[in-house]
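Working notes for the structure below.
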Amino acid sequence: MYNLDINFLKDRALQAEIAKGTLSKKTQGEEQSKVPLYAGGAVLLALPLLALGFLFVTNQQKEEIATEIRRIDGEIEKLEAQNSQLASLETQLTQARENRQALVSVFNQIKPISVILQDISDQAPEGIQINTIQTSPGETTTGIPPVVIRITGIASSFNKVNDFLLTLQRSDFLHRNETNIIATQEIDNPNPLETLEGENQNNLNVELPPVVQFTIETQINDVPASELLTQLDRKGARGLVTRINTLKEKGAID
């Protein structure tokens with residue numbers, strides 16, 4: 001038979017050490033298993049801080065952008081105000097130029113009546129006696145009304161009246177198509193008979209030949225005075241010629 005000699009104290013000590021090692025490993029494993037939890041908690045704590053930081057930076061950027069927008073808006077308002085002033089000045093300048101051009105156009109259409117009367121007298125052929133020349137405004141729907149001229153007088157014959165009409169129609173100052181004979185009539189010669197001094201008028205029985213009373217109507221044409229400078233100067237309108245030349249030099253008249 002065998003004799004078993006078992007040292008229970010030694011076995012207990014060994015079991016205690018084994019148990020201690022097991023517990024130590026278990027504790028170490030538990031601590032390692034808690035590392036992700038700690039890391040997750042740290043991340044959870046960091047996220048709000050990051051969000052707050054991002055929000056702060058974003059708000060600051062928004063404020064800077066808003067400030068820049070307000071500055072740009074202010075500059076835009078100033079520029080718009082300046083543009084409005086420039087537009088107003090441009091409108092006034094355009095209006096002034098239009099008014100000036102309108103006045104220049106009117107001035108360029110005006111021909112001195114003295115020049116017209118002189119031209120009509122110069123156009124009268126021999127055998128024509130002009131009694132009256134009257135002017136009046138003509139009818140028009142737009143622009144400046146034309147100047148109507150009515151000429152009355154006597155002629156030695158109907159042919160002389162026709163010759164006078166053709167001469168007037170060739171005038172540089174009158175409207176060809178508006179120059180017409182309005183009326184003609186043969187009448188006794190209204191001119192007094194001239195006798196030589198010392199002659200016995202009682203023994204004379206002289207009758208003057210009849211004459212033709214006529215009325216011719218015409219209009220001043222719309223040819224600009226700037227195109228008639230030579231004719232105007234020849235008729236003595238040197239002051240008008242000088243003014244027109246001055247306007248030409250300034251570019252107001254082509």
Quick one: in the stretch 96-122, of everything that is within 36 Å of the chain's Cα centre (by Cα) and polar (S, T, N, Q), which residue is farthest from Lys235 (Cα to Cα)? Asn99
Evaluation of Glu126 against (1) more than 25 Å from Asp163 (Cα to Cα); (2) loosely packed, with under 11 Cβ neighbours inside 10 Å (one fails), failing number: (1)
Restrict the check to the stretch 93-105 and report whether at least one residue is assigned to a helix (DSSP H, G or I), touching a residue at least 40 places away in the same chain (Cβ under 8 Å), surrounded by 18 or more Cβ atoms within 10 Å (Cβ to Cβ) and not β-branched (Val, Ile, Thr). no
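Let's see how each residue does on (1) under 30 Å from Asn131 (Cβ atoms); (2) β-branched (Val, Ile, Thr):
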residue: Glu217; (1), (2): yes, no
residue: Ile220; (1), (2): yes, yes
residue: Ala225; (1), (2): yes, no
residue: Gly236; (1), (2): yes, no
residue: Thr246; (1), (2): no, yes
residue: Asp254; (1), (2): no, no
Output the strands (runs of 3 or more DSSP E) that fall wholly within the stretch 119-227 and possess 1 or more residues being at pLDDT below 90, of a type outside the set (Val, Ile, Thr) and not assigned by TED's automatic domain parsing to the domain that holds Val104, or say none. 128-137
Quick check: anything in the stretch 233-240 assigned to a loop (DSSP other than H, G, I, E, B), buried (at least 17 other Cβ atoms within 10 Å of the Cβ) and more than 31 Å from the chain's Cα centre (by Cα)? yes
Filter the stretch 201-254 for residues that are among the acidic types (Asp, Glu) and out of contact with any strand residue (DSSP E or B) (no Cβ under 6 Å at 6 or more places or on another chain) and give the result. Glu207, Asp222, Glu227, Asp233, Glu249, Asp254
Quick one: which residue in Ile133, Ile128, Ile151 is touching a Phe, Trp or Tyr at 6+ places or on another chain (Cβ under 6 Å) and within 25 Å of Ala183 (Cα to Cα)? Ile128
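The values are calculated or read from the model by the stated rules, or taken from the named source; none is laboratory data. Please read all numbers here as calculations on a predicted model, not as lab measurements. Positions of Cβ are backbone-derived with ideal geometry, glycine not excepted, and every protein chain shown enters the neighbour counts.
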